[in-house]
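Single-structure report; data block below.
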Amino acid sequence: MSPPVLLGCAKTHLTPPLGTPLAGYPTPGRVAEWVADPLYARVLVFSQGDLRAVLAVMDWVVVQVRERDLIAREIEAATGIPAAQMLIGAIQTHSGPQTQRVWGWGEQNQAYLEESIPKIVAAVEKALGNLEPVSFGVGSGRCDAGVNRREITEDGRVVLGVNPFGAYDSEVILWRFDTERGTKATLVNYGAHPTSRGDDRGISRDWPGVAVDFIEEATGGFAIFVNGVVGDVAPRCTVRSPLGMQEVGTVVGREAMRVFAGICCEREVPLGVLSRELHLPLAPLMPAEEAQARLGEIDREVTWGLEAARRAHYQAVLEEWERGEMQTTRPWLQVLLRLGEAALVPFPGEHFAEIGLRIKQRSPFPYTITASTMNGHEAYFPTREALARGGYEREIAAALGPYMFAEGIDDFLVAENLRLLRELRAS
C-alpha cells in the first residue's frame, strides 16, 4: 500500500509595473500601458514518503535555463527539496514582461527577474505549509482551440497563418486533486500559443488566464495551467483581441470542466520523479567564410526583428570560430513527473505537434503531457520536414546563439523521452 500523496498549493502576484517592456513581439517601444489581468506564479508541491517535488509555473513568456537553475537553487536552499526534483516553467503569454534573452526582441528585464525570484521561493514555502493528503484522478477530452500555424503559400513558402490540414494536439488533460472538503487543486493542459490577444499593450495571461479563472470559479479550488505542444500551433480564434482571448480560454475551460465531472479520484497513487541529463545534438557550426559574407549583407542600422537577430547570430558564429572550441551537444537536465497513470514530460522550448503526438502514441502512461517552455527555453524544436521547408520557427533559432539543433532533433527527443518514460514507469 502506497503512503498518501500530500499536496500543497500557492500563488503569488508577479504583475510588473506599467511602463515595463512586453515580450513576444519584435515591436520597438511596446511597453505595458494597462493591466488587463494580473500575472502570478502558481506552485504545486507534491510529497509522498521521503519524495518531494515542485511544479512552478509563471505567467511569463519563458523561463530561460539560467533563471530556471537560479530559481531551483534558491528553492532548494530554502526548503531542502533537491533542484533536480523541480519543474519550473512559463505559460508563454506574449503579454507579459520580457524574461527572455533573445536578439532583436528587446533586452531581458533583469531587475524584474531579481525582484520576482524571492516571491516564487516564498510561494513554494507557503505551499509546503499547507501540505495535506489528497486523492488524485486524471482525465482527458478534446477541443479545437488550437490550429497548425505553418501556412504554405501558393509559391511554396511557409508563413505564420493557418494550416487547416497541419498537425496539432487537440487533447485537454486534467489532473484533479480532492480532499475530504472538496477539490483542492486542478491542473489543466492544452497546447496553443498564448497569442490570442495580439500585440496590444495590456499586461495579460492571455487565454490560459481565462481558462484558469473559469476552472477556479467552477471548482472553488486552486488551478494551474501547463502549456502543451505550441511550436507550430496557434490559438484558433476569430480575431486577435481581448475577444479572441476570451473565446479560446472559454472553449478550453468548458471542455476541462466537462472532463472534470467524469474524473474519479483515488487515494493510493504512486508519485515518481526521474531526473537525467540529456545532451541535445547540435548542427555543425556555419563556416566562418559564409558567416562573414552574410554579415556583410545586413544593414548595421537595423536593431529589431529577425535581421537584427541574424546579424548577432553571424557575429556570434565568427566569435565561436575564433574561440576554436566547437560544441556538438548542449547539456540539459530532464525532469519527469509521474502521478499514477499520468506523466508530465517537460521540453526546454517549443516542440512541434508531431513530436508531442509521437511521444503520446507510444508512452507507457495513458495520460502524457508534453509541456512546452518548461525547465528552460532553447527556442523551437521542429521536425526534420519543417526544417527542410523552413519558415519562421527555423529562422528564429538565429536569435538565441551561434548554434542550431541537429536535423534529427525530433527523433532524438522522441526516443530519449520514451526511454525515460519507460524507466519511470518501471521504477
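The values are calculated or read from the model by the stated rules, or taken from the named source; none is laboratory data. A quick note: this is a predicted structure, and the numbers were derived from the prediction, not measured. With ideal geometry, Cβ positions are generated from the backbone for all residues, glycine too; neighbour counts draw on all protein chains shown.
For (1) surrounded by fewer than 23 Cβ atoms within 10 Å (Cβ to Cβ); (2) farther than 30 Å from Arg197 by Cα, each residue gets a yes or a no:
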position	(1), (2)
Val43	no, no
Gly49	yes, yes
Asp59	no, no
Val65	yes, no
Gly80	yes, yes
Ala83	yes, yes
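Could you count how many residues in region 216-245 are surrounded by fewer than 18 Cβ atoms within 10 Å (Cβ to Cβ) and of a type outside the set (Val, Ile, Thr)?
As a first pass, look at region 216-245 and keep what is surrounded by fewer than 18 Cβ atoms within 10 Å (Cβ to Cβ): 216-218, 220, 238-241, 243.
Imposing the further condition that a residue be of a type outside the set (Val, Ile, Thr) reduces the set to 216-218, 220, 240-241, 243.
Of the residues in that region, 7 qualify.
Results for (1) under 23 Å from the mean Cα position of the chain (by Cα); (2) part of a loop (DSSP other than H, G, I, E, B); (3) surrounded by fewer than 16 Cβ atoms within 10 Å (Cβ to Cβ), shown as yes or no for each residue.
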| site | (1), (2), (3) |
| --- | --- |
| Val248 | yes, no, no |
| Leu274 | yes, no, no |
| Gln292 | no, no, yes |
| Trp321 | no, no, no |
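Which of (1) assigned to a loop (DSSP other than H, G, I, E, B); (2) surrounded by fewer than 17 Cβ atoms within 10 Å (Cβ to Cβ); (3) touching a strand residue (DSSP E or B) at 6+ places or on another chain (Cβ under 8 Å) is the odd one out, the single condition Glu407 does not satisfy?
The one condition Glu407 does not meet is (3).
Of the conditions (1) within 21 Å of the chain's Cα centre (by Cα); (2) over 19 Å from Thr15 (Cα atoms); (3) part of a loop (DSSP other than H, G, I, E, B); (4) at pLDDT 95 or above, Trp105 satisfies every one except a single condition; which number is it?
Among (1) within 21 Å of the chain's Cα centre (by Cα); (2) over 19 Å from Thr15 (Cα atoms); (3) part of a loop (DSSP other than H, G, I, E, B); (4) at pLDDT 95 or above, the lone unmet condition for Trp105 is (4).
Within region 352-370, count every residue that is within 17 Å of Asn148 (Cβ to Cβ), surrounded by 24 or more Cβ atoms within 10 Å (Cβ to Cβ) and out of contact with any helix residue (DSSP H, G or I) (no Cβ under 7 Å at 6 or more places or on another chain).
2
Anything in region 69-100 that is more than 29 Å from Tyr190 (Cβ to Cβ) and polar (S, T, N, Q)? List them, or say none. Steps first, answer last, please.
We begin by selecting, within region 69-100, every residue more than 29 Å from Tyr190 (Cβ to Cβ); these are 73-74, 76-80, 82.
Hit for region 69-100 is Thr79, nothing else.
Residue check: is Gly401 at positive phi and either under 19 Å from the mean Cα position of the chain (by Cα) or surrounded by fewer than 19 Cβ atoms within 10 Å (Cβ to Cβ) (or both)? Walk me through how you get there before you give the answer.
Working: at positive phi: yes; either under 19 Å from the mean Cα position of the chain (by Cα) or surrounded by fewer than 19 Cβ atoms within 10 Å (Cβ to Cβ) (or both): no.
In short, no.
Can you tell me which residues in region 191-237 are farther than 30 Å from Ala386 by Cα and part of a helix (DSSP H, G or I)?
Within region 191-237, Gly209, Val210, Ala211, Val212, Asp213, Phe214, Ile215, Glu216, Glu217, Ala218, Thr219 meet the criteria.
Given the conditions (1) closer than 28 Å to Asn163 by Cα; (2) in a helix (DSSP H, G or I); (3) charged (D, E, K, R), and given that Arg240 satisfies all but one, which numbered condition is not satisfied?
For Arg240, the failing item is (2).
Looking at region 155-190, which of its residues are outside any strand (DSSP E or B) and either surrounded by 23 or more Cβ atoms within 10 Å (Cβ to Cβ) or under 20 Å from the mean Cα position of the chain (by Cα) (or both)?
Result: Ala167, Tyr168, Asp169, Ser170.
Tally the residues that are surrounded by fewer than 22 Cβ atoms within 10 Å (Cβ to Cβ) and among the aliphatic types (A, V, I, L, M), restricting the search to region 98-112.
Counting residues in region 98-112 that are surrounded by fewer than 22 Cβ atoms within 10 Å (Cβ to Cβ) and among the aliphatic types (A, V, I, L, M) gives 1.
Just give me the residues in region 139-154 being part of a strand (DSSP E or B), more than 29 Å from His13 (Cβ to Cβ) and touching a Gly at 6+ places or on another chain (Cβ under 7 Å), in sequence order. Explain how you work it out, then say what you get.
First, the residues of region 139-154 that are part of a strand (DSSP E or B): 139-142, 146-148, 150-152.
Those left that are additionally more than 29 Å from His13 (Cβ to Cβ): 139-142, 147-148, 150-152.
Across region 139-154, the qualifying residues are Gly139, Asn148, Arg150, Glu151.
Looking at region 371-380, is at least one residue out of contact with any helix residue (DSSP H, G or I) (no Cβ under 9 Å at 6 or more places or on another chain), in a loop (DSSP other than H, G, I, E, B) and closer than 24 Å to Ala308 by Cβ?
yes
For Leu420, all conditions in the list (1) farther than 30 Å from Gly305 by Cα; (2) touching a Pro at 6+ places or on another chain (Cβ under 8 Å); (3) surrounded by fewer than 21 Cβ atoms within 10 Å (Cβ to Cβ); (4) not polar (S, T, N, Q) hold save one; what is the number of the exception?
With respect to (1) farther than 30 Å from Gly305 by Cα; (2) touching a Pro at 6+ places or on another chain (Cβ under 8 Å); (3) surrounded by fewer than 21 Cβ atoms within 10 Å (Cβ to Cβ); (4) not polar (S, T, N, Q), Leu420 is out only on (2).
Given Val121, Val147, which one is at pLDDT 95 or above, hydrophobic (A, V, I, L, M, F, W, C) and over 29 Å from Glu255 (Cβ atoms)? Before the answer, list the steps.
Numbers: Val147 fails: over 29 Å from Glu255 (Cβ atoms).
Result of the check over Val121, Val147: Val121.
Would you check if Ser47 is over 21 Å from Val212 (Cβ atoms), among the hydroxyl-bearing types (Ser, Thr, Tyr), in contact (Cβ under 8 Å) with a residue 24 or more places away in the chain and in a strand (DSSP E or B)? First the steps, then the outcome.
Values: over 21 Å from Val212 (Cβ atoms): yes; among the hydroxyl-bearing types (Ser, Thr, Tyr): yes; in contact (Cβ under 8 Å) with a residue 24 or more places away in the chain: yes; in a strand (DSSP E or B): yes.
Against the criterion (over 21 Å from Val212 (Cβ atoms), among the hydroxyl-bearing types (Ser, Thr, Tyr), in contact (Cβ under 8 Å) with a residue 24 or more places away in the chain and in a strand (DSSP E or B)), Ser47 qualifies.
List every residue pair whose Cβ atoms sit under 7 Å apart, with the two residues 6 or more apart in sequence or on different chains, where the first one lies in region 168-188 and is touching a residue at least 12 places away in the same chain (Cβ under 8 Å) and the second, anywhere, is surrounded by fewer than 24 Cβ atoms within 10 Å (Cβ to Cβ) and among the acidic types (Asp, Glu).
Ser170/Asp144; Val172/Glu255; Thr179/Glu132; Lys184/Asp178
Tell me whether region 230-240 contains one or more residues that are in contact (Cβ under 8 Å) with a residue 24 or more places away in the chain, out of contact with any Pro (no Cβ under 9 Å at 6 or more places or on another chain), at negative phi and acidic (Asp, Glu).
No, every residue in region 230-240 fails to be in contact (Cβ under 8 Å) with a residue 24 or more places away in the chain, out of contact with any Pro (no Cβ under 9 Å at 6 or more places or on another chain), at negative phi and acidic (Asp, Glu).
Only one of these conditions is not met by Glu114: (1) of a type outside the set (Phe, Trp, Tyr); (2) more than 17 Å from the chain's Cα centre (by Cα); (3) within 30 Å of Thr303 (Cβ to Cβ); (4) in a loop (DSSP other than H, G, I, E, B). Which number is it?
(4)
Collect the residues in region 9-41 that are outside any loop (DSSP other than H, G, I, E, B), within 15 Å of Asp199 (Cβ to Cβ) and not aromatic (Phe, Trp, Tyr), keeping them in residue-number order. Full working, then the answer.
Of the residues in region 9-41, the ones outside any loop (DSSP other than H, G, I, E, B) are 9-13, 21-22, 31, 34-35, 40-41.
Add one more test, that the residue is within 15 Å of Asp199 (Cβ to Cβ), and what stays is 21-22, 31, 34.
The answer is Pro21, Leu22, Val31.
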